[in-house]
Amino acid sequence: MAKAVVDDFLARQRAMYAGRDVAPVEDLLAEDVVWHVLGASPIAGDYRGRAAVLGYFRRRRELAGGAIAITKVAEAHHDEALVQLADGRAMIGGEEVFWRTAGVYRVAGDRIAEAWLVPLDPEGFDRVWTTAGSA
């Protein structure tokens, strides 16, 4: 079950990060969702509740100039969780930037209950989003 929910969520999130509406993403978040973004950049932190998580998504998209491209590389899953390795790209400050992450998604019912965004190069990830925050 986790795979179907997360796959649907990630497809909606990719569309949202490409500039589409946030509402379809909201539908798949639990009301008390918790989103953890590791690191020390302007987007790092723990976001609790739908409004905070959606605010994080909007802020991240805004920092990237309105568009982020995420490409799935690999994944593993069981009934309650999915781990996905993904590559991200965006134009920030007129320069194309790249990062790699592991996303860990816990599903409860038919919603994302908790997620962890884990950069594979923490210093590089922080540098990308710190540059975005100051651009």
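Computed from backbone phi, the HN-Hα couplings of region 58-73 come to 5, 5, 4, 5, 4, 4, 8, x, x, 8, 10, 10, 10, 10, 5, 10 Hz, rounded to whole numbers (Karplus: 6.51 cos²θ - 1.76 cosθ + 1.60, θ = phi - 60°; Gly and Pro given as x).
A simple rule links phi to the HN-Hα coupling: the Karplus curve 6.51 cos²θ - 1.76 cosθ + 1.60 with θ = phi - 60°, which for region 119-124 gives x, 7, 10, x, 5, x Hz, with x for Gly and Pro.
Placing dummy labels 7 Å off each Cα toward the beta-carbon, the span from residue 27 to residue 104 is 2.9 nm. Label zone (residue 18, point 7 Å along Cα-to-C-beta; backbone nitrogen cut-off 18 Å) within region 77-102: 86-91. A probe of 1.4 angstrom, applied to the heavy atoms of all protein chains, finds residue 80 with accessible area near 120 square angstrom.
Of the solvent-accessible surface of the chain, computed with a 1.4 Å probe and all protein chains present, 51% belongs to carbon and sulfur.
Taken about its Cα centre, the chain carries a charge dipole of about 300 debye when Lys and Arg each add +1 at the Cβ and Asp and Glu each add -1 at the Cβ.
Take the alpha carbon atoms of region 72-117, find their center, do the same for region 1-67, and report the distance between the two centers in whole angstrom. Using only Cα atoms, the two centres lie 10 Å from each other.
Might you tell me the accessible area per residue for region 28-135, computed with a 1.4 Å probe and given in Å²? Mind dumping the intermediate values first?
Numbers: 5480 Å² over 108 residues.
Dividing the accessible area of region 28-135 by its residue count gives 51 Å².
Candidates 38, 105, 5 compared by Cα position along the dipole of the chain: farthest toward the positive end lies 38, with charges placed on Cβ.
Where a ≥ b ≥ c are the square roots of the eigenvalues of the C-alpha gyration tensor, would you call region 21-86 rounded, which needs a/c under 1.5, or, failing that, prolate if a/b is larger than b/c, or oblate? Rounded, since a/c falls under 1.5.
Listed options for Cα Rg over 2.2 N^0.38 Å are [x] 1.11; [y] 1.02; [z] 0.97. The value calculated from this structure is the one marked [z].
Couplings 3J(HN,Hα) for region 26-35, derived from phi with the Karplus relation 6.51 cos²θ - 1.76 cosθ + 1.60 (θ = phi - 60°), are 4, 4, 9, 9, 4, 4, 9, 3, 10, 10 Hz, where x marks Gly and Pro.
The values are calculated or read from the model by the stated rules, or taken from the named source; none is laboratory data. For clarity, every value in this text was computed on a predicted model and none was experimentally measured. Note: ideal-geometry Cβ built from the backbone for every residue, glycine included; neighbour counts use all protein chains shown. With ligands, DNA and RNA removed, areas are computed over all heavy atoms of the protein, side chains included. Shrake-Rupley method; radii C 1.70, N 1.55, O 1.52, S 1.80 Å.
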